[in-house]
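Here is the structure we will look at, set down as structure tokens.
The values are calculated or read from the model by the stated rules, or taken from the named source; none is laboratory data. Just so it is clear, the model here is predicted, and its values are computed rather than measured.
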Amino acid sequence: MDSWVIIAIIIAVVATLIGNLSMLQKSAKPIRKNSLNDLQETLPRAGVKRKEEIEQQREHRKNNR
């Protein structure tokens, strides 16, 4: 009676190992063609825009005084 429990555990372990190995084979190929560092920026950085806004606000305040 105890032997079927051991056999079931062994089958479960073997199935888990086979499943993990098949996942490793699928994930061996790269997800992206280009790395994120190689991509060109399409939007301006937030810091540059923020500096421009601050300068415009300063000029506006100077003109309104």
Q.
Can you pull out every residue in the range 22-35 that is among the polar types (S, T, N, Q), in a helix (DSSP H, G or I) and either at pLDDT 70 or above or on the phi > 0 side of the Ramachandran plot (or both)?
A. Ser22
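Residue by residue, here is whether (1) small (Gly, Ala, Ser); (2) in a loop (DSSP other than H, G, I, E, B); (3) modelled with pLDDT under 80 holds:
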site	(1), (2), (3)
Ser3	yes, no, no
Ile11	no, no, no
Asn37	no, no, yes
Glu41	no, yes, yes
Gly47	yes, no, yes
Gln56	no, no, no
His60	no, no, no
